[in-house]
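Asker: Structure in C-alpha cells, see below.
The values are calculated or read from the model by the stated rules, or taken from the named source; none is laboratory data. Please read these numbers as outputs of a predicted model, since none were measured by experiment. Neighbour counts run over all protein chains shown; Cβ positions are idealised from the backbone, glycine included. The accessibility values were calculated without ligands, DNA or RNA, using every heavy atom of the protein model including side chains. Shrake-Rupley method; radii C 1.70, N 1.55, O 1.52, S 1.80 Å.
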Amino acid sequence: KNAALYADLEKTIGEIRRTELFLQQLLDTIPLPVFYKDTAGMYLGCNSAFEEFCGLPRERVVGRCVYDLAPRDLADIYCEADAALFRKPGVQIYEAGFQGRDGSTRDVIFNRATYVDAEGRVAGLVGAVTDITRLKRAERELLLSNDMLRAIIQAVPTAIIGLDLDGRVHNVWNPA
C-alpha cells in the first residue's frame, strides 16, 4: 500500500516538475522582461529577459524585494505601486525610471496585474516591463526641434500663413 502511495506521489511530483519547466520555458520565450511577486513584495520568479534587463541572474532576484534590487528612490516608487495595486486589485500601468546594474537609467512602462490563489484570494502580482527610453528621447528631440522651428518662423520678417484648397487663410504662423 505504501509503495503504491509512494509511486503516485512520485508521478505527481514528476508532473509538477514538467509543468513548472514548461511554464518557465514559456515565460522565457516572452521578449519583454516579466516578473512575479507575492503579496509581501518578494520576487518569486522572472524570465530571462528580466534577468538580462536587470543585469542579475534569477538566483539573485528570487527571494528578494525591490529594496534589494533598486536604488531607494526608485524602490520607494515601486513599493508604493505594489501597495496601491494590492489595495485595489486588478490591472495597473505606470511609467517610471529603472536603473540597470551599469548605473544607466531607462524610462519604462510597468504593466502589472494581481493574481489569485485557488481560494480566490490575491496571492501576488505579475508584471511586464517595456523600455521606452528611445521613444522618450525621440519625443524630447522632436519637442526641441518644434521649439526651434517655431522660433525661426516667429523671427522671419515675412508673413507665413497657411491656406486651404480654396485659398482661405486657416493658419497665421507668425506676427509678420
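Asker: Taking the chain as the reference, fit the longest principal axis to its C-alpha atoms, fit the long axis of helix 133-155 to the helix C-alpha atoms, and give the angle between the two in degrees, 0 to 90, nearest 10.
Answerer: Helix 133-155 and the main axis of the chain meet at about 10 degrees.
Asker: Cross-link candidates for residue 37: which lysines have Cα within less than 22 Å, leaving aside residues fewer than 8 places away along the same chain?
Answerer: Once the sequence-local lysines are set aside, what remains near residue 37 is 88.
Asker: With every protein chain present, what is the per residue accessible area of the chain (1.4 Å probe, Å²)?
Answerer: 68 Å²
Asker: Report, in degrees rounded to the nearest 10, the 0 to 90 angle that the Cα long axis of helix 72-87 makes with the longest principal axis of the chain.
Answerer: Helix 72-87 sits roughly 70 degrees off the main axis of the chain.
Asker: In Å, what is the Rg of the alpha-carbon atoms in the stretch 89-176, and how long is Dmax?
Answerer: Expressed in Å, the Cα Rg and Dmax of the stretch 89-176 come to 23.7, 73.
Asker: Please report the spacing between the Cα centers of the stretch 156-176 and the stretch 113-131 in Å, no decimals.
Answerer: 55 Å
Asker: Can you pull the three principal axis extents for the Cα set of the stretch 31-112, in Å, largest first?
Answerer: So the three principal-axis extents are 33, 25, 23 Å.
Asker: At what distance in nm do the modelled label points of residue 148 and residue 94 sit from each other, each positioned 7 Å from its Cα along Cα→Cβ?
Answerer: Calculated label separation equals 3.6 nm.
Asker: Radius of gyration and Dmax for the chain's Cα atoms, expressed in Å?
Answerer: For the chain, the Cα-based Rg and Dmax read 25.8, 99 Å.
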